[in-house]
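Laboratory data are not the source of any read-out in this text; all were calculated from the coordinates shown. Here the structure is a predicted model, which is why all the values come from computation and not from measurement. Note: ideal-geometry Cβ built from the backbone for every residue, glycine included; neighbour counts use all protein chains shown.
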Amino acid sequence: MFQLYKKRDFSALIGDTFNFFKLEGKNYFKNYFTINGGLLLLLVVIIYFFSNIFIKGAFAGAQNGNDDAFVNEIYSNLSLFIGFGLGMILLMTIISVINYSFPIAYLKLIEENKERNFQNLITYFKSKLGRIISFYLLSLVILIPLLIIVIGLTILSVFILIGIPLIFLLIPTITSFIALTYYNYITEQIGYFDALGKAYEMLKSKFWPIIGATFIVHMIIQITLGIFTIIPYIIGVITLFINPQSLQQNPENAISFVMILLTAIIIISIIFNYTLQNIILINQGVIFYSCKEESGNVSVNNNIDLIGTDEA
């Protein structure tokens, strides 16, 4: 079984993230897709129809040289466009909440030495549903506005060159701060502001190892995601250049092909983004439990308690 409580340096924070998936990956993703798979498939269907309307409008405007053609295409399918758009936003919100919460539930079952199965995971979700909802509502009015201000100031500082290295620090810092706050709020049964404070203390205690590990895992995810999305793009471009005469003779077929290609790239990008996001969130869980071990020697205390139990 994967060891949660362990003091880790920079390399261990990365290495143990992937060791987790070596040990638990098959069961982890089986349960993940059992819970989230149906919603992801529904999202794919909605994205397909939503993209079709949007891309058709874009190509209609480009083909006719008429800027109003795009607006007319959207307007003629306005009810569908709004319906699919709202459905897509709602599904993305639900899937994102599950994505952030699933690793926490899974790691908590490991901590409690419980079987990581569908029933136990759903039970944990139900027990934390109120805190999950309250976290997102509180973050909308407290954390998100603060982050918008920080991001805005960082972007402005790019113009005086100082902001360029700050951007590379900002993304992993925000990722870790939000994730550690969420881990603390859900697992530690503390208040929202206490969770923010705990996350800050954890981040400050091992800032460079945490930020470095988060940045590296982010880069691995982005490179992997780029490979998966660029492959269909390359195939599409090669197909277009292989037989340009046939495409000139049948421009409608060319437009249909490009529409399918763009929709496929969008769908692949979103599905793989949600799936690979689990690696980042497990990495943050490894950081969370490592920081708890650093500050409280939890594993040592647990071993002492076990010895006392055995002796009794």
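Key figures
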| quantity | calculated |
| --- | --- |
| Prolate/oblate/rounded label for region 4-143 (Cα gyration tensor, a/c 1.5) | prolate |
| Per-peptide average of other Cβ atoms within 10 Å, ordering 102-114, 127-139 highest first | 102-114, 127-139 |
| Rough spin-label spacing in nm, given labels placed 7 Å along Cα→Cβ, for ASP9 and SER134 | 4.1 nm |
| When each of LYS30/LYS114; LYS30/LYS206; LYS6/LYS108; LYS7/LYS128; LYS26/LYS198 is checked by Cα-Cα distance, pairs over 23 Å | LYS30/LYS206; LYS7/LYS128; LYS26/LYS198 |
| MET1 versus GLN189: modelled label distance in nm, points set 7 Å from Cα along the beta carbon direction | 2.0 nm |
| Ordering of 143-155, 197-209 by burial proxy (mean other Cβ atoms within 10 Å per residue, highest first) | 197-209, 143-155 |
| Note, ³J(HN,Hα) from phi for region 81-89, Karplus 6.51, -1.76, 1.60, rounded to Hz, x at Gly and Pro | 4, 5, x, 5, x, 5, x, 5, 4 |
| In Hz, Karplus ³J(HN,Hα) per residue of region 25-39 (6.51, -1.76, 1.60; θ = phi - 60°; x = Gly, Pro) | x, 4, 5, 4, 6, 4, 6, 4, 6, 5, 7, 9, x, x, 5 |
| Pairwise label distance in nanometres, VAL97 with LEU80, each label 7 Å out on the Cα-Cβ vector | 3.0 nm |
| Base-10 log of normalised Debye intensity for region 3-53 (one unit scatterer per alpha-carbon) at q = 0.18, 0.25 Å⁻¹ | -0.70, -0.90 |
| Cα-based equivalent ellipsoid of region 174-245: semi-axis lengths in Å, sorted from largest, via gyration tensor | 44, 14, 7 |
| Rg to Rh quotient for region 89-145, alpha carbon positions, Kirkwood Rh | 1.03 |
| Computed lengthening from LEU166 to LYS30, 0.36 nm per intervening residue step minus Cα-Cα distance | 45.1 nm |
| Three principal axis lengths of region 130-225 [C-alpha, angstrom, descending] | 42, 29, 27 |
